[in-house]
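The values are calculated or read from the model by the stated rules, or taken from the named source; none is laboratory data. This is a predicted model, so every value here is computed, not measured. As a convention, Cβ positions derive from the backbone with ideal geometry for all residues, glycine included, and neighbour counts pool all protein chains shown. Only protein heavy atoms, including side chains, enter the accessible area calculation; ligands, DNA and RNA are left aside. Shrake-Rupley method; radii C 1.70, N 1.55, O 1.52, S 1.80 Å.
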Amino acid sequence: MKIKQDTRFLIIGLGLIGGSYAMGLSKAGYSVFAIDQEQEAIDYALEKQMIVKGACTDDEGTVIALIKQADCILFGLYPSAILPWISRYQQYIKSGALLSDVSGVKAAIVPSIQAALRNDLEFIGAHPMAGKEVSSNRFSDPSIFKIANFIITPTEKNSSAAIAFMKEFAHLLGFHHTAILSLQEHDRMIGFLSQLTHIIAVALMNTSDNTHLAEYTGDSFRDLTRIAKINEQLWSELFFLNKPVLLAEIDAFSKALASLRKALAEDDEEKLKELMRLSTKRRKVFDQKQEEHN
Ligand SMILES: O=C(O)C(=O)C[C@]1(C(=O)O)C=C[C@@H](O)C=C1
């Protein structure tokens, strides 16, 4: 299984990431097709030449025709919507096709998808670590992948050919770096790196009604709360699907916050400075690793 110039990609769900995949693949010369529940998303993708052909979910005849000719199907759907889609439509998928997703959680969804899939098809999880604080394919922009990491989460059900295909896919979309993680490693990593950060941004924004402070703010508040403008449907689903990991991360964060509070309340200047030196040291190592990466 290799990406060939005539490989036909079908994107299910033309949101920000689905749309950015479509745009990037089309720009690289591939034939991209799409299915979305909104006719408006299809029309926009056609107008911007992100896809060759598209179908709205209720146009059953065209949907089935597009599924039948696809070599690679990419789900830009919410995680919980993938399995029902597969149950309904896998009967039409071409034998040997590869399926993948963009979901921010893996252990809760990948094993059940793989178990439900026909034996002549293969599903491999993937997570593009890129996004914006807006949804809709109107904001599609494949340049968001340029500085981004791409994570592939194979299981024992995946072939080395499928892993190679996804690596090549990440390369052709311009991802900066590709990593391989198990489903559990992925979910532990994402619980801290992405989910806890969204929780903190929401909590910070909700600490008080701070909207009148817009005319005074500097970068610190702006940077820390950019992601507080959040899609509650998607993110509540992601949080519940990774609940034990996220609860543990929230507890660890609360502990870190409590030690800062304690040092301040007890006028323990040395402790306060020690905590700041620790964060500075860790952030410097993080910066260094990012630079080595670039
Ligand atoms: O940059 C943002 O707005 C993001 O939220 C991107 C982000 C992240 O948390 O870093 C969010 C979700 C994706 O699954 C991957 C990356």
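For region 114-135, give me each residue that is near the ligand (Cβ under 8 Å from one of its atoms) and in a loop (DSSP other than H, G, I, E, B).
Ala130, Gly131, Lys132, Glu133
Okay, residues lined up against (1) in the same structural domain as Ala164 (by TED's automatic domain parsing); (2) surrounded by 17 or more Cβ atoms within 10 Å (Cβ to Cβ); (3) of a type in the set (Gly, Ala, Ser); (4) not in a helix (DSSP H, G or I):
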{"site": "Asp43", "(1), (2), (3), (4)": "yes, no, no, no"}
{"site": "Asp58", "(1), (2), (3), (4)": "yes, no, no, yes"}
{"site": "Gly61", "(1), (2), (3), (4)": "yes, no, yes, no"}
{"site": "Leu74", "(1), (2), (3), (4)": "yes, yes, no, yes"}
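Between a first residue in region 128-147 that is open to solvent by 60 Å² or more (accessible area, probe 1.4 Å) and among the aromatic types (Phe, Trp, Tyr) and a second residue that is at pLDDT 90 or above and within 13 Å of the ligand (Cβ to nearest atom), which pairs have beta carbons less than 9 Å apart while being 6 or more apart in sequence or on different chains?
Phe139/Leu16; Phe139/Ser20
Quickly run through region 209-247 and pick out the residues that are among the β-branched types (Val, Ile, Thr), open to solvent by 40 Å² or more (accessible area, probe 1.4 Å) and part of a helix (DSSP H, G or I).
Hit for region 209-247 is Thr211, nothing else.
Considering each residue of region 153-199, count those that are within 14 Å of the ligand (Cβ to nearest atom), under 18 Å from Asn294 (Cβ atoms) and of a type in the set (Val, Ile, Thr), and give that number.
Final tally of qualifying residues: 0.
Give just the number: which of (1) farther than 18 Å from Ala22 by Cα; (2) surrounded by fewer than 21 Cβ atoms within 10 Å (Cβ to Cβ) does Val105 not satisfy?
Status for Val105: all satisfied but (2).
Has region 173-185 got at least one residue that is surrounded by 21 or more Cβ atoms within 10 Å (Cβ to Cβ) and closer than 21 Å to Leu10 by Cβ?
For region 173-185, residues surrounded by 21 or more Cβ atoms within 10 Å (Cβ to Cβ) and closer than 21 Å to Leu10 by Cβ: present.
Given the structure, is Ala179 more than 23 Å from Ser26 (Cβ to Cβ), in a strand (DSSP E or B) and touching a residue at least 24 places away in the same chain (Cβ under 8 Å)?
Answer is yes for this residue.
Among the residues of region 95-104, write down those that are touching a strand residue (DSSP E or B) at 6+ places or on another chain (Cβ under 9 Å) and more than 17 Å from Phe169 (Cβ to Cβ).
Matches in region 95-104: Gly104 only.
What number goes with the only condition from (1) in a strand (DSSP E or B); (2) in the same structural domain as Arg283 (by TED's automatic domain parsing) that Ser194 does not pass?
The single condition Ser194 does not satisfy is (1).
Failed condition for Phe150, given (1) assigned to a helix (DSSP H, G or I); (2) within 16 Å of the ligand (Cβ to nearest atom); (3) touching a Phe, Trp or Tyr at 6+ places or on another chain (Cβ under 8 Å), with all others met?
(1)
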